[in-house]
1. Checking a compactness column here: for the stretch 2-73, what do you get for Rg(Cα) / (2.2 N^0.38 Å), N being the number of residues?
2. Among 9, 26, what is the fewest-to-most ranking by other Cβ atoms within 10 Å?
3. Which of 71, 3 comes first, and how do the rest follow, when ranked by fewest Cβ neighbours within 10 Å?
4. Can you list the residues, at least 5 places off or on another chain, whose amide H is less than 5 Å from the amide H of residue 39, using H built in the peptide plane?
5. Quick check: Cα centre of the stretch 15-29 to Cα centre of the stretch 40-74, how many Å?
6. Which FRET efficiency value, to the nearest 0.05, do you get for residue 16 and residue 49 by plugging their Cβ-Cβ distance into 1/(1 + (r/R0)^6) with R0 = 30 Å?
Amino acid sequence: MVTGLVLVKLMPGKEKHALGKLKALKNIVHMSAVFGRWDLVLDMETDDLPALSNIVVSEIRSIPGVLSTETLVTTSI
């Protein structure tokens, strides 16, 4: 199991549409709206790193209204 945080910047005026599409993705276990450089933080869980990468690149970044993402892969401390 791989967990990661995906930081998402949304396009003004397209937030509701993008949120609806993001909520439909099964690998997002929690979503937080935040203030600052990013608009959303997505907590994600996948089977492996290639699956996480595929979801970010093929699904999240292809949603109209998603301007950019940054992915942080978590580790144990």
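1. Details: Rg = 11.1 Å, N = 72, 2.2 N^0.38 = 11.2 Å.
Scaled against compact globular proteins, the figure is 0.99.
2. Working: 9 14, 26 8.
Fewest-to-most Cβ neighbours within 10 Å comes out as 26, 9.
3. Details: 71 18, 3 14.
Ranking 71, 3 by Cβ neighbours within 10 Å, fewest first, gives 3, 71.
4. Placed amide hydrogens put 8, 9, 10 under 5 Å from residue 39.
5. 11 Å
6. Details: r = 31 Å, r/R0 = 1.03.
The computed FRET efficiency comes out at 0.45.
Only the coordinates and a few stated rules stand behind these numbers; no lab work does. No experiment lies behind these values; they were computed from the predicted model shown. With ideal geometry, Cβ positions are generated from the backbone for all residues, glycine too; neighbour counts draw on all protein chains shown.
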